[in-house]
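The values are calculated or read from the model by the stated rules, or taken from the named source; none is laboratory data. Everything numeric in this text was worked out from a predicted model, so none of it was measured. Don't worry about glycine lacking a Cβ; one is built from the backbone with ideal geometry, like all the others, and counts go over all protein chains shown.
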């Protein structure tokens, strides 16, 4: 666990009240210089051309075969791949560490687009549980509804659902932005540690339960607040950011963001990690 | 314990459960009949990776509504994977004879008799009394005999193996009806046997059946309380509690939907369950929404399952589906 210290010099995000802690020591925050982003790549990634487009019908393929074929097409330089007939299959489009335009003509099952870093994905259907789990970077747009654990543990990127989502959206998220056009279920933002969640509709019970940090914006009614989730002032810079984000996300462009509620961590549970060994002893 | 530690444990538990538990499926045709046996078989077979220790069907067939259909067993399937003890087939014959004698004593006339397997039977019975409690208690007083279902249209068929195996074994493919619910089971809380398999009949109510995905944590407290009120349990499967719980609520005058809404607080744990009656199909999801459910709804068909691929087995075209929210209860009529 990193030391948590307050410092006088604030980042822009800190100034906006989106997070307050600065991590030091082994887990010290490091930010990449955007100018050098092109120099970072994963082993096994491909140089693709977005204008080189192909279709892939996965109707009679297993998820493993479909994923291998996506990889194969990327290795041939295809930068835009349209997946036909996904028909609710699980775990499709996972582990893509590449720039890629990936379009699904249909719905996905569970664990779709998991552990990705970089692709721009559009799903013209719905997704099941745990969509885009562990997303590192990129943009994922779902045109219909999503299941529970939407964007679980994402680190970065934009995850957008134009419909409604199930429970535990953004559970354990550590960065990035999740935008929901409709309603969200119970335990939204459960244990989130950083990042932002925007919900234009209503949200269920226990919103932001045990959240460490991060920010949740809600446009509709809130079922109930979770442990340590508290209201915060919606600043002008928050509103500017929300408008910009909703416009980029092509969702709720005309939504009145000035009436949104802002929820942050009350930080009353911060000492928990120091107490944990004692608690464990007590339990034993 | 600190709430963070509990939260961690809960997260781990939820993530494990969503991957390794049973699957449920259900459908209801509104305003028409269809081959529901075939359709449910496809849906449950699509979910077989969620568990194939046993599979069960509750099918609501087209009947004239005059006679009762009683599905019952006089023994267990002791095939591969079963946790039951093998018995001689002659024991089954003895039990069947006693059932026949008791039916005769209670004034129930057997119209049609089918012995599908040595341990599994289907009777069409003319029986004019409405109260099935006394009837069921009498039949089930025979050791080893259990009524799987009793109703004017309901037929509960459950056995070891995946959906296709059970469907083929009992020839369910051609059964025509309006609605059905089913269950693909990975046994975690009780034995691999027919008595612990779903669906559960809502004893002693005619035509009520339940399937469940999840775990109930206040099973024993509820069971003790319900047994003290005279309710009957046949297995140690926590899911049976839902059927008995709802039956008790209905016995006390609650409607099905009222009973289901009460169950959200009366039952503790994680659950998504379906209930069906002779003319309706309902679903309930716990207040933590910890178990999955995907739902498709149109004017003439409602189909739902633990995963979308179950629905896609009968509707391969692109459709709009959604996840019901936490604490949601829905009931549809045929």
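Got a sec? Which strands (runs of 3 or more DSSP E) wholly within segment B:229-334 have at least 1 residues that are touching a residue at least 60 places away in the same chain (Cβ under 8 Å) and closer than 30 Å to residue A:60 by Cα? Output list reads B:301-305. The sole residue among B:169, B:122, B:115 that is free of Cβ contacts under 8 Å to residues at least 24 places away in the same chain and touching a strand residue (DSSP E or B) at 6+ places or on another chain (Cβ under 7 Å) is B:115.
Can you find a residue that is away from chain B (no Cβ under 11 Å) and crowded, with 24+ Cβ neighbours inside 10 Å anywhere in segment A:143-150? No, there is no match, as no residue in segment A:143-150 is away from chain B (no Cβ under 11 Å) and crowded, with 24+ Cβ neighbours inside 10 Å. Hey, can you tell me all the residues within segment B:1-53 that are in contact with a strand residue (DSSP E or B) (Cβ under 9 Å, 6 or more places away or on another chain), at pLDDT below 90 and within 14 Å of chain A (Cβ to nearest Cβ)? Correct list: B:13, B:14, B:17, B:21.
From A:179, A:154, A:198, A:160, which residue is away from chain B (no Cβ under 13 Å), over 18 Å from residue B:293 (Cα atoms) and part of a loop (DSSP other than H, G, I, E, B)? Within the list A:179, A:154, A:198, A:160, the selection yields A:154. Scan segment B:284-310 residue by residue and report those that are away from chain A (no Cβ under 14 Å) and in contact with a helix residue (DSSP H, G or I) (Cβ under 9 Å, 6 or more places away or on another chain). Passing the criteria: only B:284.
Search segment A:116-133 for residues being within 18 Å of residue A:168 (Cβ to Cβ) and without any contact (Cβ under 8 Å) to a residue 40 or more places away in the chain, and hand back the single one that is farthest from the other protein chains (Cβ to nearest Cβ). Step by step, filter segment A:116-133, then rank; the result is A:132.
Does residue B:184 fit the bill of being surrounded by 15 or more Cβ atoms within 10 Å (Cβ to Cβ) and closer than 23 Å to residue B:273 by Cβ? Yes: the conditions hold for residue B:184. You will find that of A:79, A:95, the residue that is over 21 Å from residue A:145 (Cβ atoms) and out of contact with any strand residue (DSSP E or B) (no Cβ under 8 Å at 6 or more places or on another chain) is A:95 and no other.
Residue B:56 falls short on exactly one of the conditions (1) in contact with a strand residue (DSSP E or B) (Cβ under 7 Å, 6 or more places away or on another chain); (2) not in a strand (DSSP E or B), and that condition is (2). Within segment A:80-92, can one find any residue that is modelled with pLDDT of 95 or more, in contact with a helix residue (DSSP H, G or I) (Cβ under 8 Å, 6 or more places away or on another chain), more than 14 Å from chain B (Cβ to nearest Cβ) and outside any loop (DSSP other than H, G, I, E, B)? Yes. Within segment B:92-140, the set of residues being assigned to a loop (DSSP other than H, G, I, E, B) and either in contact with a helix residue (DSSP H, G or I) (Cβ under 8 Å, 6 or more places away or on another chain) or surrounded by 15 or more Cβ atoms within 10 Å (Cβ to Cβ) (or both) comprises B:106, B:108, B:118, B:119, B:127, B:129. When segment A:250-284 is limited to residues that are within 14 Å of another protein chain (Cβ to nearest Cβ) and modelled with pLDDT of 60 or more, the one that is nearest to the chain's Cα centre (by Cα) turns out to be A:265. Applying the condition of being within 20 Å of residue A:169 (Cα to Cα) and within 14 Å of another protein chain (Cβ to nearest Cβ) to segment A:93-115 and asking which residue is surrounded by the most Cβ atoms within 10 Å (Cβ to Cβ) yields A:112. From the list B:175, B:148, exactly one residue is under 22 Å from residue B:63 (Cα atoms) and assigned to a strand (DSSP E or B). Which is it? Only one candidate qualifies: B:148.
If you go through segment B:214-234 and pick out every residue that is under 20 Å from residue B:189 (Cα atoms) and crowded, with 19+ Cβ neighbours inside 10 Å, you end up with 6. Scanning segment A:116-127 for residues that are surrounded by fewer than 24 Cβ atoms within 10 Å (Cβ to Cβ) and part of a loop (DSSP other than H, G, I, E, B) gives A:124, A:125.
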